[in-house]
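The values are calculated or read from the model by the stated rules, or taken from the named source; none is laboratory data. Quick caveat, the model's predicted, so the values are computed rather than measured. No Cβ is skipped: glycine too gets one built from the backbone with ideal geometry, and neighbour counts run over all protein chains shown. With ligands, DNA and RNA removed, areas are computed over all heavy atoms of the protein, side chains included. Shrake-Rupley method; radii C 1.70, N 1.55, O 1.52, S 1.80 Å.
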Amino acid sequence: MADSRQEGRLDVYLDPENARSYDRRWAAPRGVRRDLRKQRALGRALKLVCAALGRSPQCILDAPSGTGRMGGVWEREAAPGSLVFGLDGSHPMLREAQAKGWSMPLVAGDLAHMPLGNGTVDVLVCIRFLHLVKSREARVAFLTEAARVTRGGLIVDYRHGQTPRGLGRRLRRVLARLGGKAGPRIWPGRAQALDEVRQGGFEVLGVVPVRLPWWIGDKMLIVGLPVGDSRTPQGT
Ligand SMILES: C[S@@+](CC[C@H](N)C(=O)[O-])C[C@H]1O[C@@H](n2cnc3c(N)ncnc32)[C@H](O)[C@@H]1O
């Protein structure tokens, strides 16, 4: 991957003002409903992983954890005594999480090269990240790194482009290109998203739509289990 910071638009989140205002998008009633839908979907995805593992995960990594938006989910859903920790590349975002009272450990690090050993965590949860990443190659590289650090499962949030909104983005991109501009990012189709997760080193266990019907709601959580040989040593 050329530059993992650029791929995930890290520069945007390094700005303290953006970090401070990040949570505002979920403050209004519509945002509260969107947030709740995502939290419920995450709870369902976690149950799929628990069923596959045959037990509750003992170690969950929320990466990128951002401002700790999913903290409430972990308080409700994580088994007593389990370790939940967050990782993010932006100190301002991590500081916001701390200021909000996120009591679990937080680690500063790059999702492309996490400062963690192979198979460190039971479940890696990646919410609201891959839709920022433009290229398939970079998304697969981030997923490959996720497969290295998890020994149990993956829950990854994808947006697929097969909704009226996705088609609108395509149209805006064509128009922007005609004007010499880049235009919005194009999200992969559902089949392509699943294929990327498999390419990253996971077997797909299931898909949890955040909102139904799927051709209106473009967000889905893909649940994967790492396949045996996906843990190549860090840095290779
Ligand atoms: C849209 S926010 C999502 C945060 C959180 N998961 C949520 O649902 O609110 C994207 C996050 O990705 C982080 N990020 C971007 N590129 C990164 C990278 N290469 N390594 C680690 N974190 C990165 C940003 O700092 C930011 O907190």
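Descriptive notes on the structure:
- Entry comment: accessible area of segment 96-162 is 33 Å² per residue, from protein heavy atoms only and a probe of 1.4 Å.
- For residue 127, the shell of other residues with beta-carbons less than 10 Å away shows a net charge of +2, using +1 for Lys and Arg and -1 for Asp and Glu.
- Estimated from helical segments only, the mean residue ellipticity of the chain at 222 nm is -12000 deg cm²/dmol, where each DSSP H run of four or more residues counts as -39500 (n - 2.57).
- By accessible area, using a 1.4 Å probe on protein heavy atoms only, segment 1-85 has 50% of its surface on carbon and sulfur.
- Here is what passes the span test in the chain: the DSSP H helices with alpha carbon length of 15 Å or more along the helix axis and a Kyte-Doolittle mean of -1.0 or above are 29-53, 136-149, 164-178.
- Of all DSSP beta bridges in the chain, antiparallel share, percent nearest 5: 50
- For the chain, a crude dipole built from +1 on the beta carbon of Lys and Arg and -1 on the beta carbon of Asp and Glu, taken about the Cα centre, is about 1260 debye to the nearest 20.
- Accessible-area rank, largest first, for 150, 144: 144, 150, with all protein chains present and a 1.4 angstrom probe.
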